[in-house]
1. What are the semi-axes of the equivalent ellipsoid of the range 1-124, taken as the square roots of 5 times the eigenvalues of the Cα gyration tensor, listed largest first and rounded to whole Å?
2. Report the rotationally averaged projected area of the chain based on its alpha-carbon convex hull, in square nanometres.
3. If you take every DSSP beta bridge fully contained in the chain, what fraction is antiparallel? Give it as a percent rounded to 5.
4. Dipole magnitude of the chain about its Cα centre, charges +1 at Lys/Arg Cβ and -1 at Asp/Glu Cβ only, in debye to the nearest 20?
5. For the range 78-127, treating each Cα as an identical point scatterer without solvent, what Debye log10 I(q)/I(0) comes out at q = 0.15, 0.28 1/Å?
6. Would you mind checking the tilt of helix 254-263 against the longest principal axis of the Cα atoms of the chain, expressed as 0 to 90 degrees and rounded to 10?
7. Once the Cα gyration tensor of the range 89-214 is diagonalised, what are the square roots of 5 times its eigenvalues, in whole Å and ordered largest first, as equivalent ellipsoid semi-axes?
8. Which loop trypsin sites (Lys or Arg not before Pro) in the range 134-203, with loop taken from DSSP, have no more than 11 other Cβ atoms within 10 angstrom of their Cβ?
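Every number here is computed from the coordinates shown, using simple stated rules; none is lab data. Just so it is clear, the structure is predicted and the values come from calculations on it, not from any experiment. We place every Cβ from the backbone using ideal geometry, glycine too, and count neighbours over all the protein chains shown.
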Amino acid sequence: MSRTVTELLAITADFFQKKGIESPRLDAELLLGKVLGLSRIQLYTHFDQPLQEPELDEFRELVRRRGKREPVAYILGRREFFGRDFTVTRDTLVPRPDTEILVETALGRLKEYPPDKVLKAADICTGTGAIAITVALEMKGRAQVTATDISPKALAVARINKEKLAAGESVTFRPGDLFQALKPGEKFTAILSNPPYISEEEMAALPPEVQAEPSLALCGGRDGLDFYRRLINEAPEYLEPGGFLAMEIGSEQGEPVAELARQAGFCGPAAIEIIRDLSGHPRVAVMKKDYEY
Ligand code: SAM
Ligand code: GLN
């Protein structure tokens with residue numbers, strides 16, 4: 001006799017648990033929901049629905065992939081970020097909730113500028129386009145956002161997201177190595193980035209799901225700080241007077257990143273701010289250059 005939704009969820013959650021997966025029940029629900037075309041809530045209203053043989057075959061295949069610790073987002077081909085559905089592929093980092101803090105910080109500051117000011121933002125290292133597209137949509141067309149990435153494959157995904165989420169003319173993509181993707185002399189109100197920041201040593205110890213992501217999106221060199229050195233030193237050339245640089249940082253990187261900023265001439269009481277996440281860990285660094293003495 002064919003198994004029901006309830007039975008399959010229980011068996012699968014148990015299997016995932018044994019594989020060391022962090023959220024076994026949730027993952028089982030997401031995968032079964034994909035096969036049946038049902039939301040997680042709908043799964044519960046269809047709890048006694050038996051699966052047809054082709055559905056069961058498809059579900060078994062997804063469970064097998066997840067059992068090998070392939071990220072759920074890659075299996076589903078999507079991940080929610082700031083309440084919107086982003087397409088993700090193996091060429092892109094899976095957007096993280098941590099990065100919503102960077103977006104919230106940037107939005108808060110952008111909204112403080114006078115309403116008639118033309119706002120220009122750059123998202124350096126855009127991946128799926130999560131930061132750029134969210135900022136553009138949340139600013140309701142008030143900000144023009146330029147998004148860059150060195151990976152043409154990641155930019156292709158970001159373009160899909162721009163179309164899917166109808167970000168229209170307010171987001172432009174440019175391929176290239178950090179600021180080299182921008183036009184010389186171009187100035188921005190806000191430069192935003194979630195660059196790769198994992199150290200070479202930490203790379204080897206990452207959970208299998210994170211190791212499945214492109215190392216190009218994760219590895220920040222020997223000490224994890226390579227991208228901050230370049231971003232902090234080069235950003236002032238691309239910032240308008242009164243503009244700011246805001247970057248996501250790793251939980252241990254608050255002090256080293258602040259030190260890099262001091263060395264680059266960001267000084268004065270309000271020039272460097274480290275914002276913490278809900279667990280109290282440093283998560284975002286914001287820098288303004290107009291306090292230089
Ligand atoms: N912004 C996305 C997010 O927050 O989900 C993706 C961030 S991911 C940590 C870093 C991205 O930087 C990857 O998409 C990678 O391709 C890109 N990248 C790596 N090296 C780069 C470089 N030298 N110049 C521009 N982009 C780079
Ligand atoms: N937050 C990611 C992780 O720790 C790292 C992303 C990044 O390097 N920017 O898995």
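1. After diagonalising the Cα gyration tensor, the semi-axes are 38, 15, 12 Å.
2. 16.7
3. Here the antiparallel bridges make up roughly 40 percent for the chain.
4. The dipole magnitude comes to about 500 debye.
5. -0.53, -1.15
6. Long axis of 254-263 versus the principal axis of the chain: about 30 degrees.
7. Over the Cα atoms of the range 89-214, the semi-axes work out to 26, 15, 15 Å.
8. Lys140
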